[in-house]
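The values are calculated or read from the model by the stated rules, or taken from the named source; none is laboratory data. Keep in mind the model is a prediction, meaning the values are calculated, not measured. Glycine gets a Cβ as well: all are built from the backbone with ideal geometry, and neighbour counts include every protein chain shown. Please note that ligands, DNA and RNA were not included when accessible areas were found on the heavy atoms of the full protein model with its side chains. Shrake-Rupley method; radii C 1.70, N 1.55, O 1.52, S 1.80 Å.
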Amino acid sequence: MGVHVMNNVKIFLLLGMACLACSGCKFQMGDKPEEINYEQAYTDARTALLQAANDEDPMTRSYAMEAIGQTLKGQEGGLLLEALSDPSVLVRFSAAMSLGDIRYAKAKPKLEEMILERQTDERVVCAAIYALHRMGDTRYAGQLGIILMSDFPLGRATAAMVMGKMGEQSAIGPLNALLAEEHEAGVRLNIIEALANLGDRKSQRILESYARGYFLDLRLAAIPALAASDPNTRDILESLLKNDQPPRVRVSAAGALGKLKLGSEVGFLICIDAIENPEKMLRAGYGQDSKIKPTDISSLRRLGAMALGDIKRPDAIQYLRPLLYEEDGAVKVAAAMSILKIVPPKVVDNFEDEVVEEEPGQAEQPVDIGPKLKTSGGMDLE
């Protein structure tokens, strides 16, 4: 989706490459939770993730920025702040969204500067508006309505996504008005996701139809969005675990059920199969003579690794840890993020020696706006 560029973000790693390469013995099959060295797993995953943030591939860096926001949070707010100057639009977008999610107050001046700069990409402007809104600064929220009418489809898609994440019920009217006139499929999906996230039942039913539909891209986007907007989707998601469903649909459904704390042994094994036997799984789904591309394998393994983090079974670490050594940046980041999600909170607390500094007057409790919905339109990083 993007051109490979050199990264200008300065990274201060927790440990050097040697620590990751010499991190101890691999977990054996069947390790019990009490036998897992969570401290070492956390250290290795954190190191791999920070290395990925300095990768030459902008897509890998973008994945890393989102993962850092979800797992390391305030510990690496400074890193995310530096990433706002990255040459890649995708990296700047993901960094700004993550800064909003962790409410990193030190980023406020830079975020405001990006909004006021006329040359800033509309997608990045939307992310900066979202970030400031999360920090209690709503002065620029009105600009989302302007971008919603932009000639740039990716700008419209991102504005819709951000409006849904903000949780403002006043956005339902403008979003419905745009949906009635919008012809771009990616933009329409982002609008529907946003409306569903705001509790619109009609849009949730549309997502249900997409999740069961024919087009794979729509299905993969709809499954996590449906789980995020409507917790009463167990039957639908469990039906998508069956062997007659495409491999990536099965894995996505397993992860969505995990997010709803409805993970099962069947879903867990589907994810393990996806990361350990991706080509075999793809051929079983599409036929032995089907042409399997490297990107198909990478996508399936990444989805499998991410889903294991949503299922949060400790024994998944033994399968995820070898992926930290992958050359495939997307898979490496997914594995690192999932390990960091799985390790017990008490282990994480031991490493959190930095605290996000709040500015005077900033709300003490974050606004509950639900999980990220970056699954379609211009910001689909799949």
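Collect the residues in segment 167-212 that are open to solvent by 40 Å² or more (accessible area, probe 1.4 Å) and either hydroxyl-bearing (Ser, Thr, Tyr) or touching a strand residue (DSSP E or B) at 6+ places or on another chain (Cβ under 7 Å) (or both), keeping them in residue-number order. Selection gives SER170, SER209, TYR210. Scan segment 270-278 and give yes if some residue there is within 18 Å of SER338 (Cα to Cα), open to solvent by less than 40 Å² (accessible area, probe 1.4 Å) and among the charged types (D, E, K, R), otherwise no. Checking segment 270-278: not a single residue is within 18 Å of SER338 (Cα to Cα), open to solvent by less than 40 Å² (accessible area, probe 1.4 Å) and among the charged types (D, E, K, R). No other residue among GLY287, GLY213 is among the small types (Gly, Ala, Ser) and at positive phi apart from GLY287.
From the list SER94, SER85, pick out the single residue that is within 28 Å of ILE146 (Cβ to Cβ), at pLDDT 95 or above and open to solvent by 10 Å² or more (accessible area, probe 1.4 Å). Steps first, answer last, please.
Details: SER94 fails: open to solvent by 10 Å² or more (accessible area, probe 1.4 Å).
Going through SER94, SER85 in turn, the sole match is SER85.
Being β-branched (Val, Ile, Thr), farther than 16 Å from TYR42 by Cβ and in a loop (DSSP other than H, G, I, E, B) is true for just one of ILE297, ILE292. Which residue is that? Before the answer, list the steps.
Working: ILE297 fails: in a loop (DSSP other than H, G, I, E, B).
The match here is ILE292.
For segment 297-320, residues that are farther than 10 Å from SER338 by Cβ and open to solvent by 30 Å² or more (accessible area, probe 1.4 Å) total 5. Please pick out the residue among LEU175, LEU179 that is farther than 28 Å from LYS280 by Cα and in contact with a Leu (Cβ under 7 Å, 6 or more places away or on another chain). Matching residue, one of LEU175, LEU179: LEU175. Summed over segment 279-293, the residues that are more than 18 Å from ALA335 (Cβ to Cβ) and either open to solvent by 90 Å² or more (accessible area, probe 1.4 Å) or aliphatic (A, V, I, L, M) (or both) give a count of 9.
Every residue, every condition in (1) modelled with pLDDT of 95 or more; (2) in a loop (DSSP other than H, G, I, E, B), yes or no:
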site	(1), (2)
PRO109	yes, no
GLU113	yes, no
ARG118	no, yes
ILE129	yes, no
LEU132	yes, no
TYR140	yes, yes
MET161	yes, no
